[in-house]
Amino acid sequence: MQIAKVHIENFRSIAECDIEFTSLTAIIGANNTGKSNILLALKRVLAGDWVNASTFSESDVRGHDPDRDIVIEVTLDPPLQYRRYKEASAVSIGCLRFAFTRYKKGDKAGQRRIEQMCLSPAGKQVAVPTSAPKKGQQLKFEPLLGIPPEVRQAIPVVYVGVDRSVRNQLPGARNSLLRLLLQDIVESFEGEACIAESEDATAAEGASRSERFSEAMTVVMGLLRTDEFNDLEATIKAKSLEQLGFDPTVDEDMLDLYFAPLEPMDFYKNLDLRVREGECAVSATELGGGVQNAIVMAILQAFEQRRKKGAVLLIEEPEMFLHPQMQRSLYKTLRDISSRNQVICTTHSPHFIRVEEYQEVRLVTKTEDGTAVAASSLERTTARVEKLRKELDPERAEMFFASRVLFVEGDTEKLALPEYAKRLNIDLDRAGATVVEVGGKRNLQEMALIAKSFGIPVGILFDSDTKNSDDECLNRELLGLGDASTQTWACEPDYEAEVKAAMGDSEYEAACSRHPGLRKPVKARLIAAEPESAIPAKVEQALRWLGRSD
């Protein structure tokens, strides 16, 4: 089961938006655009113990407008199958709807409440039998009110926030990473044999681990049963009988109330992670943020290693506290996890995005109408993916984070253009703009189409030299990409010729002689950095466009 789509209205910065998700989805965008609000909306309705009126507050309502309602609709794929009675046919639940609204009538009119509803794949409220089916009796149906606990439990959602608190991932937290892992262990607990640990335990040889656990807990309860404990238990039982109208001295058997040992999962849920420091042991929840982050990420990797299936992981900024190599390693872990689970993360790091997997990117921007989300509509074909597929390249992936992007053919332009920008007093980093080399002229169009599909303003600087009719056709196609959001500049016949024409033949040759024995890209960068060297007109036009803030 995965979250196929979420529809959100009036939640914080979001006026109204629909976001579709893949098995691995990266939500990107500038700060304060609303990325975290998307994950927070899912967390509020799916990752908590309960959803009620206190799940939201008036400060969560967009614009703090008392007349607005928050609406969150989560579409599931495939739909969940639910039975109110095991003898009845299953009904399909395709969407869960949550609304932070108000009572319309009665004594509570005007007060906030949570409306929860199960919808069919067709968007209609789900109807269920009013009673268990009986032979010869026609079934009657009624709307399913609320969202049954079994439905919520069928969607294990784990939220890993920016605070990276170990406490949130301990077994005691609902739908934590460790609880999900331990649930699998408990399922295998019953039939597993337990080997005797000492000669005194030989009588228990051959007993299952579950039987040994019960025996051990009985011993523990015997130790706990002090006089005070027994008196407390007896008092609670007597007072309960009195509350029910019975005489505790006569009707003792009417309510057999007593404290019982923990079940295995109850025991696991009370476990803590501890760290030994010399002679002392401290809870991992008391350690510094960096260490807790490392532990949470280690639990995440253990989650992947144990091949856990069917969970939805919401992760805020997985790159936190990690150097680039570990970011790449964690990205591989998340991709492995997404083959059996769903991973939805927010990120500012290009290490968590692949250009060829552009369909996994959701670009969040802030408009006058609030948070907006863009996904690529560009068809993902095998040929296109194979053309784009290369080693993970964070520099090329930076295009998804740019306010504007200028695509160039290779390293020569990639190294030289930032030097020209400095001389023109254009701060590309401050402008949020970037120059991306694409590894050859024939890759320019594909990269440009991907960026354009996200609404990112695109510039293309390319060599117009032609060796055959295919080159002429490619030049026409690149020039044909120009529109209101796309600018193209053709170097005649190539970049070096534009530089030479701007500087003059003799000055260009003299500049080259000042940097002998260097590779062409390095030589181009050094020439561009010389204060007296002329700046090619097309290069200056491209850089001024790239540095614009509008």
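The values are calculated or read from the model by the stated rules, or taken from the named source; none is laboratory data. Since we're looking at a predicted model, the values are computed, not measured. Reconstructed Cβ throughout: ideal geometry from the backbone, glycine too, with neighbour counts over all protein chains shown.
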Q | Selection count, the range 389-413, where residues are within 21 Å of residue 488 (Cβ to Cβ) and surrounded by fewer than 20 Cβ atoms within 10 Å (Cβ to Cβ) | A | 4
Q: Kindly list the number of the only condition in (1) among the polar types (S, T, N, Q); (2) touching a Leu at 6+ places or on another chain (Cβ under 8 Å); (3) part of a strand (DSSP E or B) that fails for residue 445.
A: (3)
(Q) Looking at 469, 453, 513, can you tell me which residue is polar (S, T, N, Q) and within 20 Å of residue 415 (Cα to Cα)? (A) 513
Q) Considering the range 16-27 alone, what residues qualify as being in contact with a helix residue (DSSP H, G or I) (Cβ under 6 Å, 6 or more places away or on another chain) and surrounded by fewer than 19 Cβ atoms within 10 Å (Cβ to Cβ)? A) 22
Q: Report, ordered by the first and then the second residue, all pairs with beta carbons closer than 9 Å, sequence separation of six or more or different chains, a first member in the range 160-177 that is closer than 17 Å to residue 267 by Cβ and touching a residue at least 12 places away in the same chain (Cβ under 8 Å), and a second member that is aromatic (Phe, Trp, Tyr) and in a helix (DSSP H, G or I).
A: 171/268
(Q) Within the range 483-490, does at least one residue satisfy the condition of being within 30 Å of residue 29 (Cα to Cα), free of Cβ contacts under 8 Å to residues at least 40 places away in the same chain and not polar (S, T, N, Q)? (A) yes
Q) Would you pick out the residues in the range 226-250 that are farther than 16 Å from residue 260 by Cα and hydrophobic (A, V, I, L, M, F, W, C)? A) 238, 241, 244, 246, 250
Q | Scan of the range 186-209 for residues that are surrounded by fewer than 10 Cβ atoms within 10 Å (Cβ to Cβ) and either touching a Cys at 6+ places or on another chain (Cβ under 8 Å) or modelled with pLDDT of 70 or more (or both), ordered by number | A | 188
Q. Only one of 475, 468 is more than 46 Å from the chain's Cα centre (by Cα) and not basic (Lys, Arg); which?
A. 468
Q.
Against the definition (under 34 Å from the mean Cα position of the chain (by Cα) and not aliphatic (A, V, I, L, M)), how does residue 454 come out, yes or no?
A. yes
**Q.** strands (runs of 3 or more DSSP E) contained in the range 210-323 and holding at least 1 residues surrounded by 14 or more Cβ atoms within 10 Å (Cβ to Cβ), touching a residue at least 40 places away in the same chain (Cβ under 8 Å) and not polar (S, T, N, Q)
**A.** 312-316
Q) Looking at the range 153-171, which of the residues that are closer than 27 Å to residue 322 by Cβ and surrounded by fewer than 15 Cβ atoms within 10 Å (Cβ to Cβ) is modelled with the highest pLDDT? A) 162
Q. What number of residues within the range 1-25 satisfy the criterion of being of a type in the set (Lys, Arg) and within 10 Å of residue 38 (Cα to Cα)?
A. 1
Q. Where in the range 68-177 are there strands (runs of 3 or more DSSP E), lying fully within it, with 2 or more residues that are of a type in the set (Asp, Glu) and closer than 22 Å to residue 41 by Cβ?
A. 70-82
**Q.** Count of residues meeting criterion [out of contact with any Phe, Trp or Tyr (no Cβ under 8 Å at 6 or more places or on another chain) and within 21 Å of residue 451 (Cβ to Cβ)] in the range 330-354
**A.** 4
Q. Looking at 466, 488, which is the one that is out of contact with any Lys or Arg (no Cβ under 7 Å at 6 or more places or on another chain), β-branched (Val, Ile, Thr), buried (at least 16 other Cβ atoms within 10 Å of the Cβ) and not in a helix (DSSP H, G or I)?
A. 488
**Q.** Failed item in (1) in a loop (DSSP other than H, G, I, E, B); (2) buried (at least 22 other Cβ atoms within 10 Å of the Cβ), with residue 33 passing the rest
**A.** (2)
**Q.** Qualifying positions in the range 90-101 - crowded, with 16+ Cβ neighbours inside 10 Å and not aliphatic (A, V, I, L, M)
**A.** 92, 94, 95, 97, 98, 100
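Here's the yes/no breakdown for (1) surrounded by fewer than 18 Cβ atoms within 10 Å (Cβ to Cβ); (2) in contact with a Pro (Cβ under 6 Å, 6 or more places away or on another chain):
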| position | (1), (2) |
| --- | --- |
| 61 | no, no |
| 64 | yes, no |
| 88 | yes, yes |
| 104 | yes, no |
| 111 | yes, no |
| 119 | no, no |
